[in-house]
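Colleague: Handing you a structure now.
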Amino acid sequence: MNNTFLQKQIASANKQMPVDLVIQNGKIIDVFTLSIIEGDIAIHNGQIVGIGDYEGIQTIDANGKYISPTFIDGHVHIESSMVTPSEFAKLVVPRGVTTVITDPHEIANVAGSKGIQFMLDDSEDLPLDVFVNLPSSVPATPFENAGAVLRAADLEPFFSHPRVLGLAEVMEFPSVRDGENDMLDKLLMAKKRGAVIDGHGAGLDATGINIYRTAGITTDHECITADEALDRVKRGMYVLIREGSVAKDLKQLLPAVTERNARRFLFCTDDKHLDDLLTEGSVDHNIRLAIKEGLDPLIAIQMASLNAAECYQLNGKGAIAPGYDADLVLLNDLHTLEIDSVYKNGMLVAKKNEFLNDSNKTTDSSSLQQSVHLPEITTTSFQLPISTGKANVMEIIPNSLVTNHLVEDVQTTNGYFEPSTERDQLKMAVIERHHLTGNIGLGIVKGFELKSGAIATTIAHDSHNIVAVGTNDEDLVLAVQTIQQIGGGIVLVKDGCVLHSLQLSIGGLMSTQNVNEVNDTLTHVHEALHELDVTEAFNPLLTLSFLSLPVIPSLKLTDKGLFNVKTFQHLKVEA
């Protein structure tokens with residue numbers, strides 16, 4: 001912005017010249033006062049310059065529709081949609097989301113700095129503002145092998161990029177608590193820039209939150225109870241209410257939100273699959289669900305716009321007011337949040353759920369492909385010794401990232417664990433796929449209700465090794481071998497045959513295909529899941545991908561073995 005630009009903006013605000021666009025006859029949602037106001041919205045050079053009575057070169061009649069600031073997703077891993085950022089925009093912009101704060105730690109855990117750069121390059125010049133918080137935890141923990149290691153010195157050059165905001169979710173709590181130098185370097189790197197530092201306070205008590213706040217961490221999206229949310233708000237944190245494909249926390253957290261404290265809450269999706277984004281939506285779904293649960297619609301919209309913008313220091317976003325970006329969504333109804341059209345910088349970018357800015361952008365991803373490296377895998381690779389007949393078992397909690405720690409009697413043959421569909425005790429494996437270490441972590445999982453076959457995927461948070469679950473070793477081997485052949489993705493196997501697969505050749509996480517092509521294949525994958533008689537109580541593919549994340553209680557499985565998140569130690573499967 002220079003003097004000439006600012007002079008023209010002031011002159012247009014002063015009605016000395018017609019503005020580019022005037023939107024008339026709308027019910028404007030004022031997120032500052034939580035009220036509905038009326039007046040023309042004057043837009044010039046992509047910015048709102050006035051609300052009142054204006055003349056414009058172009059005039060749009062809102063016909064009594066509600067006009068809201070567009071929505072902001074406070075924390076999202078774009079890679080979880082299984083498409084690139086340029087394709088991701090096609091999913092969320094028609095839903096009224098024109099700004100996201102993304103943490104590219106999924107691709108960074110596979111490809112390091114190259115992965116971050118790809119996400120920045122592919123998100124240029126979109127009708128979606130993609131702001132990046134740099135991955136703080138690559139690898140996520142020292143208890144597993146990832147594809148890369150990123151120190152503060154590796155991250156620091158990225159702060160020169162105009163869309164890099166701060167430091168992403170700090171999930172390795174022991175490193176913060178114990179003041180480990182590498183973590184302190186990253187925290188201080190962000191603090192000296194006045195940058196936002198995101199937290200990941202899963203299972204932390206009040207003392208843990210005190211530690212995080214003292215370290216300069218200001219947000220948390222891992223609350224699962226209203227009491228946890230209030231503990232964080234009382235200590236000056238922002239709480240991001242998450243509603244993703246696996247973690248669905250909104251109904252549990254919403255009772256914590258009151259008119260007095262609502263300004264400390266915002267929304268996020270964190271991890272959401274492409275099919276759920278198409279059917280449910282993004283943050284618009286969070287808003288809709290919150291309203292359905294009894295939250296004032298204006299507060300819900302404020303949380304999704306102004307609160308998020310202020311939390312992440314996005315000046316000029318999150319409100320309809322002079323000096324703010326002309327990012328607007330026209331709503332047919334305030335309670336159902338039915339979206340008519342979406343404007344980005346005063347330009348129409350979506351109408352009636354149709355994306356209008358299809359540039360079919362392509363970014364070279366060749367350096368991120370061929371990322372699956374395995375030794376020879378045989379049925380012997382998956383033998384799990386159990387001599388006592390008792391084992392530590394990981395139990396799935398539907399639609400939660402948290403698991404239960406059970407000790408159960410298990411079936412054995414010749415001293416080795418034998419999966420049992422009757423007991424719903426299946427074999428799970430995490431196979432290191434980055435450095436040919438040969439590491440294979442084995443465990444027992446309960447809750448999938450899988451009756452036959454095996455599932456394998458390279459989407460395995462956060463180190464993204466191969467994670468697999470199955471009823472027999474032969475199908476497990478075939479599933480893993482097929483993953484290697486296609487260069488990463490999702491594979492379903494039954495009775496020695498591959499039922500279906502989804503190729504995700506970019507780091508084993510994202511497809512080179514467009515949204516519609518990926519969705520068609522994913523639909524076939526979900527149909528094939530029925531042949532395995534897997535549970536329908538939750539998304540089994542996404543749930544499997546989080547069973548290898550050793551920062552969320554209670555038990556998880558890494559390539560180094562079964563891990564107790566509460567004690568931060570590995571433990572034997574045999575009890």
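The values are calculated or read from the model by the stated rules, or taken from the named source; none is laboratory data. None of the values given here were measured: they were computed from a predicted structure. Every residue, glycine among them, receives a Cβ derived from its backbone with ideal geometry; neighbour counts consider all protein chains shown.
Colleague: Hey, can you tell me all the residues within segment 542-575 that are under 25 Å from ILE490 (Cβ atoms), of a type in the set (S, T, N, Q) and part of a loop (DSSP other than H, G, I, E, B)?
Modeller: Matches in segment 542-575: SER548 only.
Colleague: Let me ask something else. Being touching a helix residue (DSSP H, G or I) at 6+ places or on another chain (Cβ under 8 Å) and of a type in the set (Asp, Glu) is the filter here; which residues of segment 457-488 pass it?
Modeller: Step one: list which residues in segment 457-488 are touching a helix residue (DSSP H, G or I) at 6+ places or on another chain (Cβ under 8 Å), which gives 457-464, 466-470, 473-474, 476-477.
Within segment 457-488, ASP462, ASP473, GLU474 qualify.
Colleague: Taking segment 265-275, which residues are touching a Gly at 6+ places or on another chain (Cβ under 8 Å) and of a type in the set (Asp, Glu)? If you could, list the steps in order and put the result at the bottom.
Modeller: Applying the first criterion (touching a Gly at 6+ places or on another chain (Cβ under 8 Å)) to segment 265-275 yields 266-272.
If the condition is that a residue be touching a Gly at 6+ places or on another chain (Cβ under 8 Å) and of a type in the set (Asp, Glu), then ASP270, ASP271 are the ones that fit.
Colleague: Of everything in segment 428-458, what is of a type outside the set (A, V, I, L, M), under 27 Å from the mean Cα position of the chain (by Cα) and farther than 16 Å from GLU536 by Cα? Give them in sequence order.
Modeller: Let us first name the residues in segment 428-458 that are of a type outside the set (A, V, I, L, M), namely 432-435, 437-439, 441, 443, 446-449, 451-453, 457-458.
Next, from what is left, pick out any that are under 27 Å from the mean Cα position of the chain (by Cα): 432-435, 441, 443, 446-449, 457-458.
Result: GLU432, ARG433, HIS434, HIS435, GLY441, GLY443, THR457, THR458.
Colleague: Only one of (1) outside any strand (DSSP E or B); (2) touching a Gly at 6+ places or on another chain (Cβ under 7 Å); (3) within 30 Å of GLU354 (Cα to Cα); (4) not hydrophobic (A, V, I, L, M, F, W, C) is not met by GLU474, so which one is it?
Modeller: (3)
Colleague: Please tell me if SER400 is within 26 Å of the chain's Cα centre (by Cα), surrounded by 13 or more Cβ atoms within 10 Å (Cβ to Cβ) and at pLDDT below 95. Steps first, answer last, please.
Modeller: On the way: within 26 Å of the chain's Cα centre (by Cα): yes; surrounded by 13 or more Cβ atoms within 10 Å (Cβ to Cβ): yes; at pLDDT below 95: yes.
The answer is yes for SER400.
Colleague: Just to check your reading of the model, which residue among GLY318, GLY346, GLY323 is on the phi > 0 side of the Ramachandran plot, in contact with a Pro (Cβ under 6 Å, 6 or more places away or on another chain) and of a type outside the set (Val, Ile, Thr)?
Modeller: Values: GLY346 fails: in contact with a Pro (Cβ under 6 Å, 6 or more places away or on another chain); GLY323 fails: in contact with a Pro (Cβ under 6 Å, 6 or more places away or on another chain).
The match here is GLY318.
Colleague: Looking for whichever is aliphatic (A, V, I, L, M) and farther than 20 Å from LEU562 by Cα here; the options are VAL393, VAL410, VAL402, VAL372. Which one fits? Before you say what the answer is, go through the steps one by one.
Modeller: Values: VAL393 fails: farther than 20 Å from LEU562 by Cα; VAL410 fails: farther than 20 Å from LEU562 by Cα; VAL402 fails: farther than 20 Å from LEU562 by Cα.
Every option except VAL372 fails the conditions.
Colleague: Can you name every residue in segment 151-198 that is among the polar types (S, T, N, Q) and buried (at least 16 other Cβ atoms within 10 Å of the Cβ)? Step through it out loud before you land on a result.
Modeller: Initial filter on segment 151-198 (among the polar types (S, T, N, Q)): 160, 175, 181.
Within segment 151-198, just SER175 meets the criteria.
Colleague: Just name the residue that is surrounded by the fewest Cβ atoms within 10 Å (Cβ to Cβ) out of those in segment 96-114 that are in contact (Cβ under 8 Å) with a residue 60 or more places away in the chain and more than 16 Å from the chain's Cα centre (by Cα).
Modeller: LYS114
Colleague: How many residues does segment 342-374 contain that are among the small types (Gly, Ala, Ser), under 14 Å from PRO69 (Cα atoms) and within 25 Å of the chain's Cα centre (by Cα)? Give the steps one after another, and end with the answer.
Modeller: Step one: filter segment 342-374 for residues among the small types (Gly, Ala, Ser), giving 346, 350, 359, 365-367, 371.
Now drop any that are not under 14 Å from PRO69 (Cα atoms), which leaves 346.
Next, only the ones that are within 25 Å of the chain's Cα centre (by Cα) stay: none.
Adding up the residues that qualify gives 0.
Colleague: Whether any residue in segment 353-369 is outside the structural domain of THR535 (by TED's automatic domain parsing), in a strand (DSSP E or B) and not hydroxyl-bearing (Ser, Thr, Tyr) is what I want to check.
Modeller: Yes, that holds for at least one residue.
Colleague: Okay, moving on. Take the residues of segment 384-396 that are in contact (Cβ under 8 Å) with a residue 40 or more places away in the chain and assigned to a loop (DSSP other than H, G, I, E, B): which is nearest to LEU542 (Cα to Cα)?
Modeller: In the first step, residues of segment 384-396 are kept if they are in contact (Cβ under 8 Å) with a residue 40 or more places away in the chain; the result is 384-388, 390-396.
Subset that is assigned to a loop (DSSP other than H, G, I, E, B): 384, 386-388.
On the way: LEU384: 25, ILE386: 28, SER387: 32, THR388: 32 Å.
The selected residue is LEU384.
Colleague: Please work out if ILE291 is in contact with a Pro (Cβ under 6 Å, 6 or more places away or on another chain), surrounded by 17 or more Cβ atoms within 10 Å (Cβ to Cβ) and not in a strand (DSSP E or B).
Modeller: Values: in contact with a Pro (Cβ under 6 Å, 6 or more places away or on another chain): yes; surrounded by 17 or more Cβ atoms within 10 Å (Cβ to Cβ): yes; not in a strand (DSSP E or B): yes.
Spelling it out, ILE291 is indeed in contact with a Pro (Cβ under 6 Å, 6 or more places away or on another chain), surrounded by 17 or more Cβ atoms within 10 Å (Cβ to Cβ) and not in a strand (DSSP E or B).
Colleague: Is it the case that LEU509 is modelled with pLDDT under 95 and buried (at least 20 other Cβ atoms within 10 Å of the Cβ)? Spell out the reasoning first.
Modeller: Details: modelled with pLDDT under 95: no; buried (at least 20 other Cβ atoms within 10 Å of the Cβ): yes.
The answer is no for LEU509.
Residue-by-condition table, conditions (1) part of a loop (DSSP other than H, G, I, E, B); (2) on the phi < 0 side of the Ramachandran plot; (3) buried (at least 17 other Cβ atoms within 10 Å of the Cβ):
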position	(1), (2), (3)
LEU204	yes, yes, yes
ILE209	no, yes, yes
ASP227	no, yes, no
VAL233	no, yes, yes
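Colleague: Something else: Return a yes/no flag: does segment 356-372 have any residue that is surrounded by 21 or more Cβ atoms within 10 Å (Cβ to Cβ), modelled with pLDDT of 95 or more and in contact with a Leu (Cβ under 8 Å, 6 or more places away or on another chain).
Modeller: So far as segment 356-372 goes, no, none of its residues is surrounded by 21 or more Cβ atoms within 10 Å (Cβ to Cβ), modelled with pLDDT of 95 or more and in contact with a Leu (Cβ under 8 Å, 6 or more places away or on another chain).
Colleague: Could you please let me know if ASP125 is in a loop (DSSP other than H, G, I, E, B), out of contact with any strand residue (DSSP E or B) (no Cβ under 8 Å at 6 or more places or on another chain) and closer than 29 Å to LYS90 by Cβ? If you could, list the steps in order and put the result at the bottom.
Modeller: Values: in a loop (DSSP other than H, G, I, E, B): yes; out of contact with any strand residue (DSSP E or B) (no Cβ under 8 Å at 6 or more places or on another chain): yes; closer than 29 Å to LYS90 by Cβ: yes.
For ASP125, the condition - in a loop (DSSP other than H, G, I, E, B), out of contact with any strand residue (DSSP E or B) (no Cβ under 8 Å at 6 or more places or on another chain) and closer than 29 Å to LYS90 by Cβ - is met.
Colleague: Given (1) part of a helix (DSSP H, G or I); (2) touching a strand residue (DSSP E or B) at 6+ places or on another chain (Cβ under 7 Å); (3) not acidic (Asp, Glu), where does ILE299 come up short, assuming only one miss?
Modeller: Going through (1) part of a helix (DSSP H, G or I); (2) touching a strand residue (DSSP E or B) at 6+ places or on another chain (Cβ under 7 Å); (3) not acidic (Asp, Glu) one by one, ILE299 breaks only (2).
Colleague: Would you say SER12 is crowded, with 22+ Cβ neighbours inside 10 Å, more than 33 Å from the chain's Cα centre (by Cα) and of a type in the set (S, T, N, Q)?
Modeller: Details: crowded, with 22+ Cβ neighbours inside 10 Å: yes; more than 33 Å from the chain's Cα centre (by Cα): yes; of a type in the set (S, T, N, Q): yes.
The answer is yes for SER12.
Colleague: While we're on this one: Where the second residue is among the β-branched types (Val, Ile, Thr) and part of a helix (DSSP H, G or I) and the first is in the same structural domain as GLN252 (by TED's automatic domain parsing) and more than 30 Å from VAL525 (Cα to Cα) and lies in segment 274-302, which pairs have Cβ atoms under 8 Å and are six or more apart or on separate chains?
Modeller: PRO297/ILE287; PRO297/ILE291; ALA300/ILE287; ALA300/ILE291; ILE301/ILE287
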